[in-house]
Amino acid sequence: MLAKRFWNALNGERNRFFFQEWTLEPLCPSISLKQFDCGDTDLNEFFKIDAVKNEKELLGKTYLITRDGYQITEKNPPVALICYCNDSIHVNLANDFERLEGVNYYEYLPAAKIARLTVHKDFQGDDI
């Protein structure tokens, strides 16, 4: 019952994050990124061509960032794009913490990594 109330409270906004005037939401394959240009050819190509392919292969998850009320259209691309992927941290490389005697530690710790992050060139320098 609690889960149902929680879901209703989200109003279908699952996987969206709202902060001040910003919205972070998953990239939908139907959103055109043809006009997106961050000024970096490699990043543009990744998000326009490889991002959807990577999601199908479960290699990463791409999100877009917009301001509230900003409608994404062919002529109004997202403000920013970000791709996350799973990763791990080898504990032997992270020797900055004290190990307690008699405690078993994992050899690897799970982590999430920002694989790629870019801001549309029209919004660069706007403290995004």
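The values are calculated or read from the model by the stated rules, or taken from the named source; none is laboratory data. Bear in mind that the values here come from a model prediction, so they are computed numbers and not experimental data. Neighbour counts are summed over all protein chains in view; Cβ atoms, including those assigned to glycine, are modelled from backbone coordinates with ideal geometry.
Filtered by the rule that a residue be in a helix (DSSP H, G or I) and surrounded by fewer than 16 Cβ atoms within 10 Å (Cβ to Cβ), region 15-44 gives Thr41, Asp42.
Residues in region 98-109: is at least one modelled with pLDDT of 90 or more and either of a type in the set (A, V, I, L, M) or assigned to a loop (DSSP other than H, G, I, E, B) (or both)? Within region 98-109, not a single residue is modelled with pLDDT of 90 or more and either of a type in the set (A, V, I, L, M) or assigned to a loop (DSSP other than H, G, I, E, B) (or both). In region 75-90 there is no residue matching the filter, namely being among the acidic types (Asp, Glu), at pLDDT 90 or above and closer than 18 Å to Lys121 by Cβ. Within region 73-92, residues that are of a type in the set (A, V, I, L, M) have Cβ atoms under 6 Å from residues that are loosely packed, with under 13 Cβ neighbours inside 10 Å and assigned to a strand (DSSP E or B) in these pairs: Ile89/Leu109; Ile89/Ala111, counting only partners at least 6 apart in sequence or on another chain. Within region 45-79, the set of residues being touching a strand residue (DSSP E or B) at 6+ places or on another chain (Cβ under 8 Å), of a type in the set (S, T, N, Q) and either surrounded by fewer than 17 Cβ atoms within 10 Å (Cβ to Cβ) or in a helix (DSSP H, G or I) (or both) comprises just one member, Asn54.
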